[in-house]
Amino acid sequence: MADLVPLAGGTATVQLLRGLGPALSARFSLPDGAFVAVLDKADVLPPTDLPRGVTGCVLDLATGPTESAWRALTVALGRDAPVLAVGDDKRLAELVAELPEELAVRLDVVPRRTITELDGGPYGLLHDPLLGFLGTLRQCGRWHLDWPRVYARETDAGLAVTVLGQRSPCLVDIVAGPATLGRCPRHGTPVVLP
């Protein structure tokens, strides 16, 4: 983070949950009233690009979730709309263990994976700790890049990723890990191959 310099001036603040909404929308149909809980540090800003009518919060299970975030999650689980929890496997398991069983069964857990952790799903979001959400594991079983918002290219050091649509670019050619690019034969869009 300290090495990032916005190329056109301005703030170097990075939205760590950038791309969550588009990544979820590529895999899930989220109706009005759906709720997304992201398991991360308390100082991470809540997601801002969720689909219209979908709300969300950030839960920090390491230090204990805030009362308002916990209340928002439990209220959402009591309604008749989908509730998703996004995070790493350990935190997702902790969340399910903390919830009463009748609420835990209503929760859809969506693991967050880095390029070095790709697996076969059935669900998953491709994430980089600096760049945000880069794509999703779609129904075809391939890890799709959010290609309208993320550009990737292969380099000797690994997959270099650029976040598109930045007002003042600072996330350009960030090496996300060892992987190659391919094309999905079903969707015809770029995929990440471990």
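The values are calculated or read from the model by the stated rules, or taken from the named source; none is laboratory data. Quick caveat: nothing in here was measured; it's all calculated off a predicted structure. Note that each Cβ is placed from the backbone with ideal geometry, even for glycine, and that neighbours are counted across all protein chains shown. The area values use the complete protein model at the heavy-atom level, side chains included, leaving out ligands, DNA and RNA. Shrake-Rupley method; radii C 1.70, N 1.55, O 1.52, S 1.80 Å.
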Enumerate the amide H contacts of residue 34 below 5 Å, restricted to partners 5 or more residues apart or on another chain; note that Pro and chain-start residues carry no placed amide H. 55
Apportionment of accessible area to carbon and sulfur, segment 36-194, percent (1.4 Å): 52
The helix 67-78 Cα axis meets the longest alpha-carbon principal axis of the chain at an angle in degrees, between 0 and 90 and rounded to 10, of 80
Beta carbons within 10 angstrom, averaged per residue: use that to sort the peptides 22-35, 52-65, 130-143, highest first. 130-143, 22-35, 52-65
Give the Kirkwood hydrodynamic radius (Å, one decimal) of segment 74-137, defined as one over the mean of 1/r across all pairs of different Cα atoms. 12.7
Skipping prolines and chain starts, which residues have an amide H placed within reach, meaning under 5 Å, of the one on residue 164, given they are 5 or more residues away or on another chain? 150, 151
Show the residues, 5+ positions off or on another chain, whose built amide H is closer than 5 Å to the amide H of residue 66. 60
Counting only heavy atoms of protein chains, what accessible area per residue, in Å², does segment 99-194 have with a probe of 1.4 Å? 49
Classify segment 34-121: rounded, prolate or oblate, from the alpha-carbon gyration tensor (a ≥ b ≥ c, eigenvalue square roots; a/c under 1.5 rounded; otherwise prolate if a/b is larger than b/c)? rounded
With θ taken as phi - 60° and the coefficients 6.51, -1.76 and 1.60, list the Karplus ³J(HN,Hα) couplings across segment 86-95 in order, rounded to whole Hz; mark glycine and proline as x. 10, x, 7, 4, 4, 5, 5, 5, 4, 5
Sum -39500 (n - 2.57) across every DSSP H segment of at least 4 residues in the chain, then divide by the residue count to get the 222 nm mean residue ellipticity, nearest 500. -5000 deg cm²/dmol
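Lys and Arg at +1, Asp and Glu at -1: add these up for the other residues within a Cβ distance under 11 Å of residue 30 and post the number.
0
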With θ set to phi - 60°, apply the Karplus curve 6.51 cos²θ - 1.76 cosθ + 1.60 along segment 180-194 and write out the HN-Hα couplings as whole Hz, x wherever there is a Gly or Pro. 10, 9, x, 10, 6, x, 7, 9, x, 10, x, 10, 9, 10, x
